[in-house]
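The block underneath contains the structure these notes are about, expressed in structure tokens.
What follows draws every value from the coordinates through simple rules; no lab data is involved. Remember, it's a predicted structure, so these values are computed and weren't measured experimentally. Note that each Cβ is placed from the backbone with ideal geometry, even for glycine, and that neighbours are counted across all protein chains shown.
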Amino acid sequence: MPFERTFAIVKPDAVQDGHVGEIIAAIEQGGLQIRGLKRVQLTPALCKGFYHEHVGKGFYQELEDFMTEGPVVMLCLEGEGAILAWRDLMGATNPANAAEGTLRKRFGTNIGRNATHGSDKPESAAFEVGYFFNAFELG
Ligand code: UDP
Ligand code: MG
């Protein structure tokens with residue numbers, strides 16, 4: 001498995017519900033290193049750039065309203081197979097389909113309000129990490 005970086009977000013629902021600490025604990029216990037970490041209030045423009053592949057889809061406006069309703073916590077994670085490892089910790093996009101014990105099962109509400117984000121492939125991870133983190137924040 002490649003040593004790689006991935007990009008993670010604790011979404012506004014999980015921040016509001018006070019689950020940041022539990023999610024960070026799952027990351028550390030899951031063997032992933034935290035390379036970057038910050039709290040950010042997204043704007044519609046930032047959200048459109050980040051979710052560019054979803055702009056124009058039926059669920060996009062609802063996604064943007066959700067992602068900008070309150071602060072998020074974003075992280076750059078690093079480790080062997082980090083992209084898949086983080087997606088495994090999160091579980092399926094829809095919490096109803098997520099495996100027991102996964103973060104989306106534990107803290108998500110529905111397919112939109114699903115507690116966490118994770119990059120889906122190396123190209124997305126590189127784009128997403130670079131979109132939100134400066135090099136000096138990943139030292
Ligand atoms: N989403 C939604 N409705 C859908 C599909 C996705 O509200 O039918 C939201 C959900 O918050 C999801 C995000 O849009 O996490 C990005 O969708 P994607 O298919 O990339 O899922 P992910 O990679 O986050 O599992
Ligand atoms: Mg995705």
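Within 13 Å, Cβ to Cβ, of Arg5, how many net charges do the neighbouring residues add up to if Lys/Arg are +1 and Asp/Glu are -1? Taking every Cβ under 13 Å from that of Arg5, the sum is -4.
Seen from Gly101, the other residues with C-beta closer than 14 Å to its C-beta sum to a net charge of 0, counting Lys and Arg as +1 and Asp and Glu as -1. The charge dipole of the chain, taken about the Cα centre with unit charges on the Cβ atoms of Lys, Arg (+1) and Asp, Glu (-1), comes to about 80 debye, rounded to the nearest 20. Using 0.36 nm per residue and subtracting the Cα-Cα separation, the extra length available between Ala96 and Asp65 on full extension is 9.0 nm.
Just so you know, the Cα atoms of the range 3-83 work out to an Rg and Dmax of 13.6, 37 Å. Net charge of the neighbourhood of Glu137, taken over other residues with C-beta under 10 Å away and scored Lys/Arg +1, Asp/Glu -1, is +2.
Computed on the range 1-125, with alpha-carbon pairs under 8 angstrom and 6+ residues apart, the relative contact order is 39 percent. Orientation-averaged projection of the range 40-139 equals 6.8 nm² [convex hull of Cα atoms, one quarter of hull surface area]. Reported to the nearest whole Å, the Cα centre-to-centre distance from the range 1-28 to the range 30-72 is 13.
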